């Protein structure tokens, strides 16, 4: 049984200019202990899709339809009498069986509370551990994520740590209750390159040691190549292609996936070709295209792409793509 199953998720944001259609009918499954990468440009809907699942949308965000089934439970907001009941239920899950690593370590931690308080709080709220037991586990977690002298540093405030150390503390907080699912929302974005590599190595080690499934949200294909078993390519609020790392890197089917791969360097043939950026800009999700979201930037676009949404085609088991080029009629033509 899948740990997480999302079916036709639709999320919109109410604004004075109209509804921003951030997530437009997304479906996917995540198996226990699996690592899934969600890749796409800024504004493609990656983070908002996850916030919809974990119940952390902004006040003007609305999940209009879709099902979210987590660990056999249907946790879709439509199953609750009101938003208050839904929020109360989700607070019991978040930080317990489902946790999130946020992208900005500078703002996630409370600057006026010691690290000890912020590490212990989720354990006290979600388990039967005493304060002393929770403190011992907190020290063990700091050791696990590579914080030196944890017995001393647990008494310090966030401003006494570097950005990389703060991100390690955030990871420790996410691991506090041995969650079944960890969502990492671009956890290295605010860090310099050297620290990024250290944090990614840490996440890779934790992936091997823990029983948690991981969803890694990023715009960096290099990150998912290192960490993830499967990769979902997201564009214009939709998943346009999903498959294993080998499928995406060596047998991409969607023109957008191909475009992303042309934007990154390959050490094996760096001297043979130049990097090629994708021309144009992502679609305006206030007024998204009627057909394929990538139609205005696609060199292979056909008339049908502009007028009709492409169906999802199965290339092989586990590898799917939403593109009219895979239609039999397009191939024959």
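Could you please give the count of residues in the range 70-88 that are touching a residue at least 12 places away in the same chain (Cβ under 8 Å) and part of a helix (DSSP H, G or I)?
Summing the residues that are touching a residue at least 12 places away in the same chain (Cβ under 8 Å) and part of a helix (DSSP H, G or I) in the range 70-88 gives 4.
Checked across the range 61-80, the condition of being over 25 Å from residue 8 (Cα atoms) and crowded, with 16+ Cβ neighbours inside 10 Å holds for no residue.
Among the residues of the range 1-17, those that are assigned to a loop (DSSP other than H, G, I, E, B) and more than 26 Å from residue 33 (Cβ to Cβ) comprise 16, 17. More than 18 Å from the chain's Cα centre (by Cα), within 23 Å of residue 96 (Cβ to Cβ) and in contact (Cβ under 8 Å) with a residue 60 or more places away in the chain, is that true of residue 213? So residue 213 fails the test.
When 215, 239, 231, 195 are checked against the criterion of being touching a helix residue (DSSP H, G or I) at 6+ places or on another chain (Cβ under 6 Å) and under 22 Å from residue 319 (Cα atoms), 231 stands alone in meeting it. Of all residues in the range 295-307, those satisfying the criterion of being surrounded by fewer than 17 Cβ atoms within 10 Å (Cβ to Cβ), in contact with a helix residue (DSSP H, G or I) (Cβ under 8 Å, 6 or more places away or on another chain) and either closer than 21 Å to residue 24 by Cα or not assigned by TED's automatic domain parsing to the domain that holds residue 241 (or both) are 304, 306.
If you take the residues in the range 42-54 that are crowded, with 17+ Cβ neighbours inside 10 Å and part of a loop (DSSP other than H, G, I, E, B), which one is modelled with the lowest pLDDT? Looking at the filtered set, the residue picked out is 43. Scanning the range 123-130 finds one or more residues that are farther than 27 Å from residue 202 by Cα and either over 23 Å from the mean Cα position of the chain (by Cα) or part of a helix (DSSP H, G or I) (or both). Taking (1) farther than 19 Å from residue 41 by Cα; (2) surrounded by 22 or more Cβ atoms within 10 Å (Cβ to Cβ) in turn, residue 231 satisfies each apart from (1). Could you list, in sequence order, the residues of the range 43-69 that are without any contact (Cβ under 8 Å) to a residue 12 or more places away in the chain and touching a helix residue (DSSP H, G or I) at 6+ places or on another chain (Cβ under 6 Å)? Of everything in the range 43-69, nothing turns out to be without any contact (Cβ under 8 Å) to a residue 12 or more places away in the chain and touching a helix residue (DSSP H, G or I) at 6+ places or on another chain (Cβ under 6 Å).
For the range 55-70, indicate whether the set of residues that are within 11 Å of the chain's Cα centre (by Cα) and modelled with pLDDT under 95 is non-empty. The answer is no; no qualifying residue exists.
Just one of the listed residues (183, 195) is more than 17 Å from residue 139 (Cβ to Cβ), under 15 Å from the mean Cα position of the chain (by Cα) and not in a loop (DSSP other than H, G, I, E, B), and it is 183.
Against the conditions (1) under 20 Å from residue 170 (Cβ atoms); (2) in contact with a strand residue (DSSP E or B) (Cβ under 8 Å, 6 or more places away or on another chain), residue 78 satisfies every one except (1). Among the residues that make up the range 109-120, is at least one of them part of a helix (DSSP H, G or I), out of contact with any helix residue (DSSP H, G or I) (no Cβ under 8 Å at 6 or more places or on another chain) and more than 26 Å from residue 64 (Cα to Cα)? Yes, some residue in the range 109-120 is part of a helix (DSSP H, G or I), out of contact with any helix residue (DSSP H, G or I) (no Cβ under 8 Å at 6 or more places or on another chain) and more than 26 Å from residue 64 (Cα to Cα).
Is the range 264-285 home to any residue that is crowded, with 21+ Cβ neighbours inside 10 Å and within 22 Å of residue 329 (Cβ to Cβ)? Checked the range 264-285: no residue is crowded, with 21+ Cβ neighbours inside 10 Å and within 22 Å of residue 329 (Cβ to Cβ). When 225, 172 are checked against the criterion of being out of contact with any strand residue (DSSP E or B) (no Cβ under 6 Å at 6 or more places or on another chain), closer than 15 Å to residue 118 by Cα and outside any loop (DSSP other than H, G, I, E, B), a single residue qualifies: 172.
The values are calculated or read from the model by the stated rules, or taken from the named source; none is laboratory data. All figures in this text were calculated on a predicted structure; none of them were measured in a lab. Every residue, glycine among them, receives a Cβ derived from its backbone with ideal geometry; neighbour counts consider all protein chains shown.
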